[in-house]
Amino acid sequence: MYRLLRQIAKTGIITEPAPQSDESLRQLEQRMDEAILKHFGRSLAIRHVDAGSCNGCELEIHAANSAYYNLERLGIKFVASPRHADMLLVTGPVSRNMEEALRRTYEATPEPKLVVAIGDCGCGKGIFGENYASCGAVSNVIPVDVAVPGCPPDPAAIMRAILTAVTTAAKGR
Amino acid sequence: MRESTRAQGAPGGGYALHLALAPPAGLLWLSVPLAREDPGYPSIADLYPCASRMQRAAYDLLGIHARDSADHRKWLRHGAWPDGAFPLRKDFDIASRFAQADDGYAFVKVEGEGVHEIPVGPVHAGIIEPGHFRFSIVGEKILRLEERLGYTHKGIEKRFETMTLEEGARLAGRVSGDSTVAYAWAWAMAVEGATGTEPPPRATALRGVLLELERIANHLGDLGYLGNDVALSFGFFQFWRLKEDLLRLNAALFGHRYLMDRIVPGGVSVDLPREAAARLLEQLEQLEAEVATLKSIYDEHAGAQDRFIMTGQVTPELAERLDLTGFAGRASGMWHDLRVDHAVAPYALAQPAIATHTRGDVAARVSVRFDEVAESVRLIRVFLRELPAGEIRVPLAASPGGRRGVGWVEGWRGEVLIALETADANRIHRAHPHDPSWQNWPLLEHAVMGNIVPDFPLINKSFNLSYSGQDL
């Protein structure tokens, strides 16, 4: 126990400042009013859905939960059921074998809800393309608010996308 | 003996079944021509139980039957294409789209007093790949687990056939993202073999460095999650700090956090200058010391050890009978490691030490992972000390179609195999990437028997098998 405590003390706090939102990642016009987003921004529950990825994007979503990025300090946490979620974080391409499961997960998520598509594949620019077994982009199956490219996008990029989705769009948009 | 099977449409319009077997002497590639009408072959699942799912997948994709097989259910096919349509046949258009049909999969029913079922997935409760697990339980204990995979099938093998040998490297590196280096190397090895290209010695040494960095990063991540799964979140935060440090170093030195697309046919795409190598060695020295500290904390943590020891056991007898592979195999007394058994450059000179255990439980897999991290650090030191000078990449030799190549690499999870047949103009006629998860998924069903349901995530993570790698 002594060694464990010493290791914690020695490590200290390594969490870095959170990135800013990035409006260029937005796919749809803001779908929610300011009041709701303000509320979401303080506490956001995310359900992750791997809809057919190579698992590369999952590695970076895990990394976003590490102490360097510390998503939870922003009130953002991953939950075990779509029924508890405000946002779906979806990696793809959406395989046709996951198409129905993704649709059902979306339907099981209570309104108001947000969808963030992760990675080149989720954005429809991935190497697998569209074929007999792949629907391609997440937006080919469910509505997507924000999409972040990258193979895979790094944790800061994923955080930026999540924050963009919960940020009220600039006036005049 | 470990194996991979795949049937294919032969150039003459008929079919052939290809088996890759791994007897002690090396790799044996058997090709069996099959009849054009109603192609079939005798099942080998009674000799090699892990072949059963491969045979089912070969039927789903090619319509090749394993006669006398005990299990004829579909495997990779769900509702996206009908029985009678076979995507890997040459007359099947990759862009074909069929209406979704009901999956209608017949799970094995377990009946009896007090037995009930818990269906889990395909969407899981954590940040994990999709798959379905059907638990039959009595009280808290797991009586039986049945896996249903194939959810991430995205037509990878068919996609290969639209590419050149060089383009295929990027796709191979995305069969299972966590093993991108192992796949890229196996791909390069297969392409180089088929075209008669010799990668320069500096490139092979750097490939060794990249593969060991991938092994370290994955073991660190899983050691962290194994702590997390026994309520030692300290372990998660510490190991993921070390992993993140390593990923950032990867990005700084090689230009990609997971080292994707760094190994290419003909060599590597990025060099490691002397000062960068020094920086790598310096950080590895710190990492080694930190991992040693964390190991002593894990070893002495009574709560963690209580959960690790005798949980999710695969005995050496069972591992031998069902062909458990990779580090999980080594934790169950299987003395196999391609880096040792069939060492290619740069491993031959470095003489890797094999890490093994015989108890085959979560604790044994944790122990092997710790040992492998330490050994990987040592190997990288040796590779960098002996790093040959010279170029890092040569152009691919042009080759006629119909050539074959094999890549066989000990990735962090286990042996990754690529079987390749070329077409004219350096294009791909057929490619089959084989993930070690094919062999190990069925063992997970055995490992959980008699354990309590809440220990499933822990046992699962201790293997950490790839869904995408076997779903293709």
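The values are calculated or read from the model by the stated rules, or taken from the named source; none is laboratory data. What you see is a predicted model, and the numbers here were worked out from it, not measured in a lab. Cβ coordinates were reconstructed from backbone atoms using ideal geometry, including for glycine residues, and neighbour counts include every protein chain displayed.
For B:Phe308, state whether it is within 30 Å of B:Ala203 (Cβ to Cβ), crowded, with 20+ Cβ neighbours inside 10 Å, out of contact with any Pro (no Cβ under 9 Å at 6 or more places or on another chain) and at pLDDT 95 or above.
Working: within 30 Å of B:Ala203 (Cβ to Cβ): no; crowded, with 20+ Cβ neighbours inside 10 Å: yes; out of contact with any Pro (no Cβ under 9 Å at 6 or more places or on another chain): yes; at pLDDT 95 or above: yes.
So B:Phe308 fails the test.
If a residue counts only when it is assigned by TED's automatic domain parsing to the domain that holds B:Trp185 and closer than 18 Å to B:Val382 by Cβ, which helices (runs of 4 or more DSSP H) contained entirely in the range B:312-368 have at least 1 such residues?
Working: elements: B:316-322, B:326-330, B:338-341, B:347-350.
Passing ranges, in order: B:338-341, B:347-350.
Residue by residue through the range A:89-112, note down the ones that are more than 10 Å from chain B (Cβ to nearest Cβ) and buried (at least 18 other Cβ atoms within 10 Å of the Cβ).
A:Val90, A:Tyr106, A:Thr109 - these are the residues of the range A:89-112 that are more than 10 Å from chain B (Cβ to nearest Cβ) and buried (at least 18 other Cβ atoms within 10 Å of the Cβ).
Hey, can you tell me all the residues within the range B:113-143 that are at pLDDT below 90 and among the small types (Gly, Ala, Ser)?
B:Gly121, B:Ala125, B:Gly126
Any chance the range B:420-437 includes a residue that's assigned to a helix (DSSP H, G or I), touching a residue at least 12 places away in the same chain (Cβ under 8 Å) and assigned by TED's automatic domain parsing to the domain that holds B:Leu206?
Within the range B:420-437, one or more residues are assigned to a helix (DSSP H, G or I), touching a residue at least 12 places away in the same chain (Cβ under 8 Å) and assigned by TED's automatic domain parsing to the domain that holds B:Leu206.
Output the residues belonging to the range B:83-100 that are within 11 Å of chain A (Cβ to nearest Cβ) and either within 19 Å of B:Arg36 (Cβ to Cβ) or without any contact (Cβ under 8 Å) to a residue 40 or more places away in the chain (or both).
B:Ala85, B:Phe86, B:Pro87, B:Leu88, B:Phe92, B:Asp93, B:Ala95, B:Ser96, B:Arg97, B:Phe98, B:Ala99, B:Gln100
Tally up the residues in the range A:69-86 that are facing another protein chain (nearest Cβ under 7 Å) and not in a loop (DSSP other than H, G, I, E, B), please.
Matching residues across the range A:69-86 total 1.
How do the pairs read when you match residues in the range B:301-319 that are farther than 10 Å from B:Val362 by Cβ with residues anywhere that are hydrophobic (A, V, I, L, M, F, W, C) and in a helix (DSSP H, G or I), using Cβ under 6 Å and keeping only pairs 6 or more apart or on different chains?
Close Cβ pairs (under 6 Å, with a partner that is hydrophobic (A, V, I, L, M, F, W, C) and in a helix (DSSP H, G or I)) amount to B:Val314/B:Leu443; B:Val314/B:Ala447.
Name the residues in the range A:136-153 that are closer than 12 Å to A:Val90 by Cβ and within 14 Å of chain B (Cβ to nearest Cβ), would you?
A:Ala137, A:Val138, A:Asn140, A:Val141, A:Ile142
Being more than 14 Å from chain B (Cβ to nearest Cβ), in a loop (DSSP other than H, G, I, E, B) and under 22 Å from A:Thr164 (Cα atoms) is true for just one of A:Ser66, A:Ser21. Which residue is that?
A:Ser21
Within the range B:462-472, identify whether any single residue is assigned to a helix (DSSP H, G or I), within 14 Å of chain A (Cβ to nearest Cβ) and in contact with a Phe, Trp or Tyr (Cβ under 7 Å, 6 or more places away or on another chain), and answer yes or no.
yes
Checking B:Gly208 against (1) within 9 Å of another protein chain (Cβ to nearest Cβ); (2) more than 15 Å from the chain's Cα centre (by Cα), which single condition isn't satisfied?
Looking at each condition in turn, B:Gly208 falls short on (1).
Go through B:Leu259, B:Leu253, B:Leu246, B:Leu213 for me and flag whichever is more than 10 Å from every other protein chain (Cβ to nearest Cβ) and either more than 24 Å from B:Ser466 (Cβ to Cβ) or among the β-branched types (Val, Ile, Thr) (or both).
So the residue among B:Leu259, B:Leu253, B:Leu246, B:Leu213 that is more than 10 Å from every other protein chain (Cβ to nearest Cβ) and either more than 24 Å from B:Ser466 (Cβ to Cβ) or among the β-branched types (Val, Ile, Thr) (or both) is B:Leu253.
Residues of the range B:137-149 being out of contact with any strand residue (DSSP E or B) (no Cβ under 7 Å at 6 or more places or on another chain) and either crowded, with 21+ Cβ neighbours inside 10 Å or in the same structural domain as B:Lys461 (by TED's automatic domain parsing) (or both), which ones?
Passing the criteria: only B:Leu149.
Which condition number does A:Ile46 fail, the rest of (1) among the β-branched types (Val, Ile, Thr); (2) within 9 Å of another protein chain (Cβ to nearest Cβ); (3) not in a loop (DSSP other than H, G, I, E, B) being met?
(2)
When you go through (1) surrounded by 13 or more Cβ atoms within 10 Å (Cβ to Cβ); (2) in contact (Cβ under 8 Å) with a residue 60 or more places away in the chain one by one for B:Arg134, which number turns out not to apply?
(2)
Filter the range B:1-47 down to the residues that are surrounded by fewer than 13 Cβ atoms within 10 Å (Cβ to Cβ) and at pLDDT below 85 and list them by number.
Passing the criteria: B:Met1, B:Gly12, B:Gly13.
So, in the range B:66-82, how many residues would count as being away from chain A (no Cβ under 14 Å) and among the charged types (D, E, K, R)?
First, the residues of the range B:66-82 that are away from chain A (no Cβ under 14 Å): B:66-73.
Add one more test, that the residue is among the charged types (D, E, K, R), and what stays is B:67-68, B:71, B:73.
Residues meeting the conditions: 4.
Restricting the search to the range B:263-291, which residues are part of a loop (DSSP other than H, G, I, E, B) and touching a residue at least 40 places away in the same chain (Cβ under 8 Å)?
Hits for the range B:263-291 are B:Pro265, B:Gly266, B:Ser269, B:Val270, B:Asp271, B:Leu272.
Scan (1) crowded, with 19+ Cβ neighbours inside 10 Å; (2) of a type in the set (Phe, Trp, Tyr); (3) under 30 Å from B:Met189 (Cα atoms) for the single condition B:Phe239 breaks and write down its number.
Evaluating B:Phe239 over (1) crowded, with 19+ Cβ neighbours inside 10 Å; (2) of a type in the set (Phe, Trp, Tyr); (3) under 30 Å from B:Met189 (Cα atoms) leaves (3) as the failure.
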